[in-house]
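Notes to accompany the following structure.
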Amino acid sequence: MKNYRMWFLVFLLGCRTGSYEGPTSDHFDGERFFQPGVTSHKSFLDLLRWRLTGDRAEWPEWVPNTEEPNLPAEVMPGEIVVTFVNHATLLIQLPGLNILTDPSWSERASPVSWAGPKRVRAPGLPFEKLPKIHAVLVSHNHYDHLDVPTLQRLAVEHEAAIFVPLGDKGWLENEGVTRVQEMDWGQSIPLGPAVQAFFTPSQHWSARGLFDRNRSLWGSWLLQFGEHRLYFAGDTGYGPHFEKIKKDYGKVWLALLPIGAYEPRWFMKDAHINPAEAVQAHQDLGATRSLGMHYGCWQLTDEAIDRPVQDLHEALRAAQIPSADFEAAVVGRTYRFRPDSP
């Protein structure tokens, strides 16, 4: 009960972030964003039910990292380099371009520094060792994906261009985060002479407190470079958007897909895929390779810390997909891919 009371206090302290004003669309009713085709919505009472009755596994207090990043001095033409920092934070390096997804170097995924989910492992790449960051891609405004202190630091030390969903620009600028641009589903922006970023749908929701639910948008990101595409899912439940992304943009060469924070299914299914659904998403996207992320950093849900990797292996076996095609990313490891290689 003590942990529940602390969690409830932190939730109440969540800041209201403002709201988006703009024309209605097939996913915005004039006041709030909504998920097309999804009719079930978990209420605050459902949240209380889960927190009071959930079967929460015990996580270790701390897990040491076993990998050291191996960042290239230069990314060669035709090469993709991805370093898994933690959770949904990945450093994506293309020739002449360094990109961060959902960057977070804070100790807690919380509105306060003294309570809320506390990381159980250090970021796999220290902030001080980042190369020059040119662009930051944010999927949505939950605390484990949009970390204001990290964005403030990136704005000052790297002068990075920061791309966020509709509804998140104004309040971030009030927090001192500069060079922010909002994106709607289907919009695109050049990140360099050879890379185009598309903001694509996901099945999720947004909020940073009790009173701003779905006042801003959520989504995923697709990078187009040459004949190849890289997809970053952010947070998402399973839905038809994966197949639609392949239909609209073409098959994905590399997919970065969440595999954690999925139990209990009665509460999490609409918003978080489990490893079996991540494998199905890998297939829906026509992905050549996938890396699993969004696990093993903060205990956000009920499953054990090692369950996502175990469940991913089982799902790959059931789908008869080689484990080399879809790996659970290791914190701190740098992955080098050459899509044009035979």
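Can you spot a residue in the stretch 212-226 that is more than 23 Å from residue 31 (Cβ to Cβ), in a loop (DSSP other than H, G, I, E, B) and open to solvent by 10 Å² or more (accessible area, probe 1.4 Å)? Scanning the stretch 212-226, I find at least one residue that is more than 23 Å from residue 31 (Cβ to Cβ), in a loop (DSSP other than H, G, I, E, B) and open to solvent by 10 Å² or more (accessible area, probe 1.4 Å), so the answer is yes.
Considering only the stretch 303-324, I want to know if a residue exists there that is more than 18 Å from the chain's Cα centre (by Cα), under 18 Å from residue 83 (Cα atoms) and open to solvent by 10 Å² or more (accessible area, probe 1.4 Å). The answer is yes; a qualifying residue exists. A count restricted to the stretch 107-124 and to residues that are small (Gly, Ala, Ser), at negative phi and crowded, with 18+ Cβ neighbours inside 10 Å stands at 4.
Among the residues making up the stretch 199-250, those that are in contact with a Gly (Cβ under 7 Å, 6 or more places away or on another chain), among the basic types (Lys, Arg) and either modelled with pLDDT of 95 or more or more than 16 Å from residue 167 (Cβ to Cβ) (or both) are 215, 229, 246. When residues in the stretch 147-171 are screened for being under 19 Å from residue 234 (Cα atoms) and open to solvent by less than 50 Å² (accessible area, probe 1.4 Å), 12 of them pass. Considering only residues of the stretch 170-205 that are among the hydroxyl-bearing types (Ser, Thr, Tyr) and not in a loop (DSSP other than H, G, I, E, B), which is farthest from residue 147 (Cα to Cα)? Of everything passing the filter in the stretch 170-205, 188 is farthest from residue 147 (Cα to Cα). Every condition in (1) modelled with pLDDT under 95; (2) buried (at least 20 other Cβ atoms within 10 Å of the Cβ); (3) over 23 Å from residue 34 (Cα atoms) holds for residue 340 except the one numbered (2).
The set of residues in the stretch 272-304 being aliphatic (A, V, I, L, M) and closer than 21 Å to residue 90 by Cα consists of 273, 278, 279, 281, 285, 287, 291, 293, 300. Of the helices (runs of 4 or more DSSP H) lying entirely inside the stretch 236-330, those containing at least 3 residues that are among the small types (Gly, Ala, Ser) span 275-284, 307-319. Among the residues of the stretch 183-223, those identified as free of Cβ contacts under 8 Å to residues at least 24 places away in the same chain and within 19 Å of residue 33 (Cβ to Cβ) are 186, 187. Selection of the stretch 259-298 for residues being within 28 Å of residue 338 (Cα to Cα), open to solvent by 10 Å² or more (accessible area, probe 1.4 Å) and within 12 Å of the chain's Cα centre (by Cα) yields only 295. Scanning the stretch 49-97 for residues that are without any contact (Cβ under 8 Å) to a residue 12 or more places away in the chain and of a type in the set (Val, Ile, Thr) yields a single hit, 53. Among the criteria (1) open to solvent by 30 Å² or more (accessible area, probe 1.4 Å); (2) over 22 Å from residue 329 (Cβ atoms); (3) part of a loop (DSSP other than H, G, I, E, B); (4) of a type in the set (Lys, Arg), the one residue 208 does not fulfil is (1). Within the stretch 137-146, is there a residue that is among the hydrophobic types (A, V, I, L, M, F, W, C), buried (at least 17 other Cβ atoms within 10 Å of the Cβ) and part of a strand (DSSP E or B)? For the stretch 137-146, residues among the hydrophobic types (A, V, I, L, M, F, W, C), buried (at least 17 other Cβ atoms within 10 Å of the Cβ) and part of a strand (DSSP E or B): present. Which residues, counting only those in the stretch 232-245, are open to solvent by 70 Å² or more (accessible area, probe 1.4 Å) and not aromatic (Phe, Trp, Tyr)? Scanning the stretch 232-245 gives 240, 243, 244.
The values are calculated or read from the model by the stated rules, or taken from the named source; none is laboratory data. Remember, predicted model here, so these are calculated numbers, not experimental data. Cβ atoms come from the backbone with ideal geometry, glycine included; neighbour counts cover every protein chain shown. Remember, those area values only see protein heavy atoms, side chains included, never the ligands or the DNA or RNA. Shrake-Rupley method; radii C 1.70, N 1.55, O 1.52, S 1.80 Å.
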